[in-house]
Amino acid sequence: MNEIRIYYEGDPALKPGFHAFFDELRVKAREKRLGLRLIAAEGKPDRDFAIAKRNHPTAWNILLKDSEGPLPANRDDSIFWMVETMESWFHADKDKLAEFYGAEFQVSALKANPKVEEIPKRDLVNGLKAATRNTNKGAYHKTAHAPKLLESIRPDLVRMAAPNCERLFEAVLARLA
């Protein structure tokens, strides 16, 4: 393995947020003299991942994507899930959400379930929109707000609340050990 390439499902605008969120992994990779690249796999993440595996055979190619529902049964050791969507990770760090959105943020509009991967996609997105509707930044908007939220949420809290995020960190850290 000469580098780690994480293909994430989503807009290229999310890259700075993922860059900050995965800082621990980037530092460990750098210590091992390996690159860790983050690549947006916008509309066709499965296709981009298949191409990456062919074009970069000496890299560990990872696909990070939304499950869009309960976690699929088949699990590849290079495919990791944001269950049900990336927004579940935001629910793991409500303090940072409140800090980002300010005084009018309504935390009570978010599901209280500490197991954020069990919150259905509809409830994740609707809860964020309701909680942020009256803030100065306006209602939650994925491309406008998610990059900054990814930069600010604390990975340790997400890892505790989202077992599939923890699985990703553990797998990468084990390969870098």
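Nothing in this text is a laboratory measurement; each read-out follows from the coordinates by a stated rule. These numbers were taken from a predicted model, which means no experiment stands behind them. Neighbour counts run over all protein chains shown; Cβ positions are idealised from the backbone, glycine included.
At-a-glance table
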item: Over the chain, relative contact order from alpha-carbon pairs under 8 Å, at least 6 apart, %; result: 26
item: Additional length obtainable on full extension of the chain from Ala73 to Met1, 0.36 nm per residue less Cα span; result: 23.2 nm
item: 3J(HN,Hα) from dihedral phi, segment 104-116, Karplus parametrisation 6.51/-1.76/1.60, rounded to Hz, x for glycine, proline; result: 7, 5, 10, 4, 5, 6, 8, 4, 7, 5, x, 8, 4
item: Sparse-neighbour loop sites [trypsin sites (Lys or Arg not before Pro); segment 13-108; at most 14 other C-beta within 10 Å; DSSP]; result: Lys32, Arg33, Arg75
item: Spin-label model distance (nm) - Glu31 vs Ala144, 7 Å beyond Cα toward Cβ; result: 4.0
item: Alpha-carbon Rg/Rh ratio, for the chain, with Rh computed the Kirkwood way; result: 0.97
item: Phi to ³J(HN,Hα) by Karplus 6.51 cos²θ - 1.76 cosθ + 1.60 over segment 42-53, Hz, x for Gly, Pro; result: 4, x, 9, x, 5, 5, 4, 5, 4, 5, 4, 5
item: Solvent-free Debye scattering, log10 I(q)/I(0), computed from the Cα coordinates of segment 73-149 at q = 0.11, 0.21 Å⁻¹; result: -0.28, -0.88
item: Spatial extent of segment 1-93: Rg and Dmax, with the Cα atoms as the point set, Å; result: 13.2, 37
item: Under 5 Å, built H, 5+ apart or other chain: amide partners of Leu64; result: Tyr7, Tyr8, Glu9, Phe80
